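Asks: Questions regarding the structure given below will be posed in turn.
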Amino acid sequence: MDTVKVFAPATVANVGCGYDVLGFALEGYGDELTLTRRADDQLVIKAITGASGIPLDPATNVATVSIRALLQELGVSAGFEMTIHKNISPGSGLGSSASSSAAAVFAANELLGRPFTRQQLVPFAMKGEEAASAKPHADNVTPSLLGGFTIVRSYDPLDVFAIPFPSGLQAVIIFPQVEVKTSDAKKILKKQINLSDAVTQWGNVAGLISGLFLSDFDLIGRSLQDVIIEPVRSILIPSYDEAKQLALALGALGYTISGSGPSMFALTQHASVAVAIRDQVSAFYRSRDIEVISFISSINANGTVVIP
Ligand code: HSE
């Protein structure tokens, strides 16, 4: 096999209380990447469609940076060329750089005969995240590669895995058309937190994980609270509090920031609630002259896959 085409899903990171450790993958929204072996040892990006302003320079593009890390670990010299079709805008809070990084390492792994498992690909894709946001966080690349809900239990040593989740769970994504750079959204965070906030936060992380394992939707809803990151970052998102109150009034289990924003997400197990949140929160933003992209997604259990 000399060429492979893959799809890597968009992702919601943090999931409220789990800053830099929790994430889940979305269905049907993500990047496509076609990778072809070259006779030489060059990494070449032939084209990027669907988004502008993304570097073609292999020294800085997240896809080539990630493949370079994989080749270095493998100790082989190989060349690839690629085209990337982006469905996720950079700066959306939906794991745009992570999708390209995950797609790149997954495709390279396929063409090299699968020397690595999906989990073993995570550190290489994290190099792409580091190139994009100066911090090698794993909470977007892990769900994009593995699918489902994922946990980064530890960064050093890296320990990542997927956990069960209830089949009826749906996410509503609200993406106001303003850009928030992850690197900026990380810079504004406080370096120290109160012990009482930490107690609240880790109680919610434990509750959320338990709710997912137990398919206990009320517990998931009670646990979708973020007392550390959301109060700081929500100022970057227009009309955040009103949008959140509207979604909660419509029956969302919870509503908070997706990754570093500006996208926000709600979770619900009811299709009618999902439709009401998508339509009414979108209409609310449009009434404020802010364009939004909004959609409903189930949780993508498959992660990155080969496509025809
Ligand atoms: N955990 C990262 C952050 C995700 O919140 O900064 C960025 O999408």
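The values are calculated or read from the model by the stated rules, or taken from the named source; none is laboratory data. Given the structure is predicted, the values throughout are model-derived calculations rather than measurements. Cβ placement follows ideal geometry from the backbone for every residue including glycine, while neighbour counts extend to all protein chains displayed. Heads up: the accessible areas ignore ligands, DNA and RNA and are worked out on the full protein's heavy atoms, side chains in. Shrake-Rupley method; radii C 1.70, N 1.55, O 1.52, S 1.80 Å.
Asks: Checking the structure you have, find out if any residue of segment 222-241 is surrounded by 13 or more Cβ atoms within 10 Å (Cβ to Cβ), free of Cβ contacts under 8 Å to residues at least 24 places away in the same chain and out of contact with any strand residue (DSSP E or B) (no Cβ under 9 Å at 6 or more places or on another chain).
Replies: Looking through segment 222-241, none of the residues is surrounded by 13 or more Cβ atoms within 10 Å (Cβ to Cβ), free of Cβ contacts under 8 Å to residues at least 24 places away in the same chain and out of contact with any strand residue (DSSP E or B) (no Cβ under 9 Å at 6 or more places or on another chain).
Asks: Of the residues that make up segment 130-144, is at least one of a type in the set (Ser, Thr, Tyr), within 17 Å of Ala13 (Cβ to Cβ) and either at pLDDT 95 or above or more than 16 Å from the ligand (Cβ to nearest atom) (or both)?
Replies: yes
Asks: Next question. Need the failing condition index for Thr64 against (1) without any contact (Cβ under 8 Å) to a residue 40 or more places away in the chain; (2) under 24 Å from Asp139 (Cα atoms); (3) of a type in the set (S, T, N, Q), just the number.
Replies: Looking at each condition in turn, Thr64 falls short on (1).
Asks: Being open to solvent by 50 Å² or more (accessible area, probe 1.4 Å) and among the polar types (S, T, N, Q) is the filter; apply it to segment 158-184 and report the residue that is farthest from the ligand (Cβ to nearest atom).
Replies: Going through the qualifying residues, I end up with Ser167.
Asks: For segment 185-201, which positions are open to solvent by 40 Å² or more (accessible area, probe 1.4 Å), in a helix (DSSP H, G or I) and in contact (Cβ under 8 Å) with a residue 12 or more places away in the chain?
Replies: Matches in segment 185-201: Asp197, Thr200.
Asks: Here's something else I'd like to know. I need the full set of residues from segment 206-221 which are open to solvent by 40 Å² or more (accessible area, probe 1.4 Å) and of a type in the set (A, V, I, L, M), in order please. First the steps, then the outcome.
Replies: Taking segment 206-221 first, the residues open to solvent by 40 Å² or more (accessible area, probe 1.4 Å) are 206, 210, 213-218.
Once the filter is applied, which keeps residues that are open to solvent by 40 Å² or more (accessible area, probe 1.4 Å) and of a type in the set (A, V, I, L, M), segment 206-221 yields Ala206, Leu214.
Asks: Would you confirm, using the coordinates I've provided, whether Val152 is within 11 Å of the ligand (Cβ to nearest atom), of a type in the set (Val, Ile, Thr), more than 19 Å from Phe80 (Cα to Cα) and not in a loop (DSSP other than H, G, I, E, B)?
Replies: Yes; evaluated as a whole, the condition is true for this residue.
Asks: What are the residues in segment 1-53 that are hydroxyl-bearing (Ser, Thr, Tyr) and open to solvent by 10 Å² or more (accessible area, probe 1.4 Å), if any?
Replies: Matches in segment 1-53: Thr3, Tyr19, Tyr29, Thr34, Thr36, Thr49, Ser52.
Asks: Show the residue pairs that are 6+ apart or on different chains and have beta-carbon atoms under 6 Å apart, the first residue being within segment 276-293 and in contact (Cβ under 8 Å) with a residue 12 or more places away in the chain, the second being open to solvent by less than 70 Å² (accessible area, probe 1.4 Å) and in a helix (DSSP H, G or I).
Replies: Ile277/Ala247; Val281/Ala243; Val281/Leu246; Val281/Ala247; Phe284/Leu246; Val292/Ser282; Val292/Tyr285
Asks: Here is a follow-up. Give me the residue from segment 279-308 that is out of contact with any Ser or Thr (no Cβ under 8 Å at 6 or more places or on another chain) and assigned to a loop (DSSP other than H, G, I, E, B) and, out of that set, least open to solvent (accessible area, probe 1.4 Å).
Replies: Asn300
Asks: Might you check whether a residue that is closer than 29 Å to Ala266 by Cβ, open to solvent by less than 50 Å² (accessible area, probe 1.4 Å) and in contact with a helix residue (DSSP H, G or I) (Cβ under 9 Å, 6 or more places away or on another chain) occurs anywhere in segment 66-86?
Replies: yes
Asks: Among the residues in segment 105-122, are any within 26 Å of Arg37 (Cβ to Cβ), buried (at least 24 other Cβ atoms within 10 Å of the Cβ) and within 13 Å of the ligand (Cβ to nearest atom)?
Replies: no
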